[in-house]
Amino acid sequence: MTRGVRGRVPETLQLRGHAAPRGPEKRQLVIGLTPLTDAAPILVARDHGFFARHGLEVTLSVEPSWANVRDKLAAGAFDAAHLLAPVALALTLGAGPLECPIVTAMSLGANGNAITVSRALRRRLGETACDASLADPMEAARALGRAIARDRARGAPRLRLATVFPFSMHAYALRYWLAAAGIDPERDVELLVVPPPRMVERLAAGGIDGFCVGEPWSTLAVQRGVGSLLLPTHAIWSNAPEKVLGVTQDWAERHPATHCALVAALLEAAAFCDAPEHRDEIAHGLVRSGVVAAPLPALLPSLRGILLRDDGIAPPEPEALPEFHVFHRQAASFPWRSHAAWMLVQMLRWGQLEKPLDVRAAAAAVYRSDLHREAAELVGMSAPLADEKREGAAPAPWTTPGTLGPIAMGAERFFDGTVFDPHDVVGALARCEVAHPLVRLDELAAAQRS
Amino acid sequence: MRDEHLRIVLIDEKPDRSDALERALAAEGYCVVARLSGRDDLRRRLGELAADVVIVDMQSPDRDVLEDMHRLHRENPRPIVMFVDESDSESIRAAVRAGVSAYVVDGAKDRRVRPILEVAIARFREFQALRSELDAARTTLAERKGIERAKGLLMAKRGVSEEEAYRLMRKMAMDQKRKLSDVAEQVIALAELL
């Protein structure tokens, strides 16, 4: 069931380059988005005139499901969409029910997700580990492993953990975290999907024991006294990618100047969103516009760089996490091809891809760092010169060379100390002790040509 | 009976629409075995019901729950999103425009399911049309109320008769090439400012 929507083949994946400033081919655009804090740059671009400044008139369509965003983007009902980064890859490869080549010239930010468990489960974790150590992802996962072992010994049902979509960084971060502690996410727990706005009620009703979701839903669960925020996903992979601005390849080919203007406007909006003095205003905007149907106090903490963590008994303590949301600085807007390669390896690892593929070539076809640089140039912003990097290889802040000068980068680290080299995807997959791939390693190795 | 073996489940929070769809399907010989809401544990219920086809309102966030079941074919039924004909993006557009999507559980053949989705698209469209008519009627009512209020304000402020107030607004509308209701809004906004 994975025939192409447009029947296009990968030969057309290379777009011709275009000299940036000329009038957009299309000025009135519809952008699809989902009710999450990290949709902020799109809303800000509309409400603070960044789209208008680039000659664009944008209508926003807030969608209740990722499936809607995907289908409407593929069907041409949207010009562009706030898309889970792995959905851009899955849609291009036909890994889900539809196949439609997507390109992205911009990441919409880093981090922003957290793992939250029921207060009851949090108290159980506290029985076998001291509270201070549970802030360490490995200690927390081991404590969870002990709870799972005890449940199994007494014949209790498996813990139910929810994410937002099978192709999502939430799912990959949660699975990565569990697997690093030897917990098989396919067998030892029950993973399921719950739409973000329903997470808190399902946790309260006992239908699930925990979830990994974007803000404001973890903070809301904590504030309602329903859940305990266990870990921000920043603790699993710091400064990890999250959403992208996705357009169909066909649309990008027909509207190169519009695409460039759109990304340029969003780059300016993302930079605006990073300023601490704008963060409260952003929270107000998201609530007032009806984009996020949650109370304002649920949006403020994460946008102010504050994490509310508790032990399942006492009220939560605020902790500083300045990188809870990073919209633009540290090259957070840049579509690193190594991000895409990492996600593709996770898709292989968990049996979401059935056929071998050239991972770096697939990443390069979707992640158009070249188009990003053109848009960045238009607004005088420096963009990284490299297309990819070794992920998780920066224990401390570092700098990367950029088109208009060096760019300050944040620390990038996987909690288990792994370094992901996009040139060695076969090795990366081979080293995964817990994995359920459908593709054989030798077949995968033979497919790596780029 | 055209196909009594296909078990259809509707997920739609609008009871009047799902009533109509259920009736339309029954008239074609199809059987709706259950109507579920997002508050149900969909994974468990769909398994218990042995559903073959699931029709979902696109306004429901539960589409993503069904998408995930794709992954669970070993232990669960495996619903796959379907459009009338996947190779034809126009059919995807038709479903998207009507605001309905359908999932087919493993084994149910496209050809058997296609007419069901066509009925669903038609019903959803009908409701959309009804809704926009209602919206239009509501807008007209609201506009008429605004015009009445603006007329009252003009009568009070300028001490003119009702006909004179109406004539003034008509003239403003014609001079500014705007709708009468927009002029009324402007009059009300100005009055509120003062």
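The values are calculated or read from the model by the stated rules, or taken from the named source; none is laboratory data. A quick note: this is a predicted structure, and the numbers were derived from the prediction, not measured. Every residue, glycine as well, gets a Cβ built from its backbone with ideal geometry; the counts of neighbours run over all protein chains shown. Accessible surface areas use protein heavy atoms only, side chains included; no ligands, DNA or RNA. Shrake-Rupley method; radii C 1.70, N 1.55, O 1.52, S 1.80 Å.
General observations
- Within-15-Å neighbourhood charge of residue B:163 [Cβ basis; K, R +1; D, E -1]: +2
- For residues of A:192-204, the mean tally of beta carbons on other chains within 10 Å: 4
- Descending semi-axes in whole angstrom, ellipsoid equivalent of the range A:244-338, from the Cα gyration tensor: 32, 16, 13
- Residue separation of residue A:354 and residue A:390 scaled by 0.36 nm, minus their Cα-Cα distance, works out to 10.4 nm of gained length.
- GNM result for chain A, Cα springs below 10 Å: residue of A:261, A:386, A:240 fluctuating most strongly: A:386
- For the pair residue A:411 and residue A:361 in one chain, pulling the backbone fully straight at 0.36 nm per residue adds 15.3 nm over the alpha carbon distance.
- Gaussian network model of chain A, Cα within-10 Å springs - most flexible of A:70, A:202, A:53: A:53
- Against chain A, whose longest principal axis is taken from its Cα atoms, helix A:119-128 shows a tilt of about 60°.
- At a threshold of 30 Å², the residues of the range A:96-145 that become less accessible to a 1.4 Å probe in the full protein assembly than in their chain on its own are A:97, A:98.
- Using the average count of surrounding beta-carbon atoms within 10 Å as a protection proxy, the listed peptides A:341-350, B:157-166 rank, highest first, as A:341-350, B:157-166.
- Here chain A has 53 percent of its accessible surface on carbon and sulfur atoms, given a 1.4 Å probe and all protein chains in place.
- Computed from the C-beta positions of residue A:151 and residue B:135 and an R0 of 51 Å, the FRET efficiency is 0.50 to the nearest 0.05.
- Global geometry of the range A:185-269, whether rounded, prolate or oblate, following the gyration tensor of its Cα atoms and the 1.5 cut on a/c: prolate
- 0 to 90° range, to nearest 10: angle between helix A:137-153 axis and chain A longest Cα axis: 50 degrees
- Cβ crowding within 10 Å averaged over residues, with A:105-116, A:145-156 ranked highest first: A:105-116, A:145-156
- When B and A come together, around 2900 square angstrom of accessible surface is lost from both chains combined, probe 1.4 Å.
- Accessible area in square angstrom per residue, the range A:147-217, 1.4 angstrom probe: 29 Å²
- At 1.567 mPa s and 4 °C, Stokes diffusion of the range A:297-449 via Kirkwood alpha-carbon radius, µm² per second: 73 µm²/s
- Distance violations [Cα-Cα > 31 Å] among A:355/A:389; A:26/B:14; B:14/B:179; A:243/B:179: A:26/B:14; B:14/B:179; A:243/B:179
- Rounded tilt (10° steps) of A:369-378 against the dominant C-alpha axis of chain A: 60 degrees
- Relative to the 2.2 N^0.38 Å rule of thumb, the protein assembly as shown has a C-alpha radius of gyration ratio of 1.02.
- For the protein assembly as shown, DSSP calls about 65 percent of its internal beta bridges antiparallel.
- Overall shape: oblate for the range A:153-225, with the ratio a/c of the largest to smallest alpha carbon gyration tensor axis at 1.5 or above and b/c at least equal to a/b.
- Gyration tensor (alpha-carbon) shape descriptor, the range B:127-194, a/c threshold 1.5: prolate
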